[in-house]
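Student: Sharing a structure, written as C-alpha cells. Questions coming.
No value in this document is a laboratory result; all are computed from the given coordinates. Small disclaimer: the values here were computed from a predicted structure and weren't measured. Cβ sites come from the backbone with ideal geometry, for glycine too, and all protein chains shown count toward neighbours.
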Amino acid sequence: MLEQVGSLIGSPWIYAVVALSVLLDVFLPVLPSGVLVITAATAAAAGSATDVPDILALTLCAATASVLGDLVAYRLAWRGGDRLDRAISRSRRLTTAQERLGAALARGGGALVVLARFAPAGRSVVSLGAGAAHRRARDFLPWSALAGLTWAVYSVALGYFGAHWLGTSWLATAVSVGALFAAGAGAAYLMRREPRAS
C-alpha cells in the first residue's frame, strides 16, 4: 500500500503540497506537515530518483516553507496592533510564552525558537509572539531559519533512514512519525521546565 502512496507522492506536485502544508501549519498547527514530510521521505527511499522526490529538494522545500511561514506570522503579528495584544493578554499561556521569548531573544539565545519548532503549536506561539512583541527581525529570523532547517533535516532523515532500516512499509512510517512526536513531547517538556531552572 505504501507503494501506491509512493506513486502519488512521486508527482512533482508533492513539493507544492509539502510547502503549502508546512507554510500553513504555523496558523493551523493541526496540519500534519511533519507526517507528510516523513511519508514523502519514506517514499523517496523506496523508489528511484526519477519518480520520487529528491531528498535534498524535499529538505530545502520543507525548510524554506517553514521559514516563510514564520516570517508571514511574524509580520502579521507585528502589524496586529492593539487587537492582537489584547488577545495575547487574555491568555496566561501566550503572555508567559511571549515574555520568555522576549527574554531569550534579548539575551541572544534564540535556542528557544529552535526548540519551539518541534513542540506542538510552539512554532505558532514563538512566531506570533516575536511579531507581537516587535522583536527585531535580525534577532528572530536567523533562529527561525536554523529551526526550520533543523526540523526539516530531522523529519526527512526519520522517513528516509527509517525506510532503509525497517523497509519501505507503514511500520517504518509509523516508527518515524512516533520519533517525530517523541521529539515534540521532549521539546514541550523542556520549554515548560526552563522557567523553573532559570
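Student: How much length is gained if the chain between ALA185 and VAL72 is pulled fully straight, taking 0.36 nm per residue apart and subtracting their Cα-Cα distance, in nm to one decimal?
Tutor: So the extension gain works out to 38.1 nm.
Student: Using 0.36 nm per residue of separation minus the Cα-Cα distance, give me the extension gain between LEU20 and ASP139 in nm, one decimal.
Tutor: Taking LEU20 through ASP139 to full extension adds about 40.3 nm, to one decimal.
Student: What's the ranking of 138-148, 32-42 by average number of surrounding C-beta atoms within 10 Å, highest first?
Tutor: 32-42, 138-148
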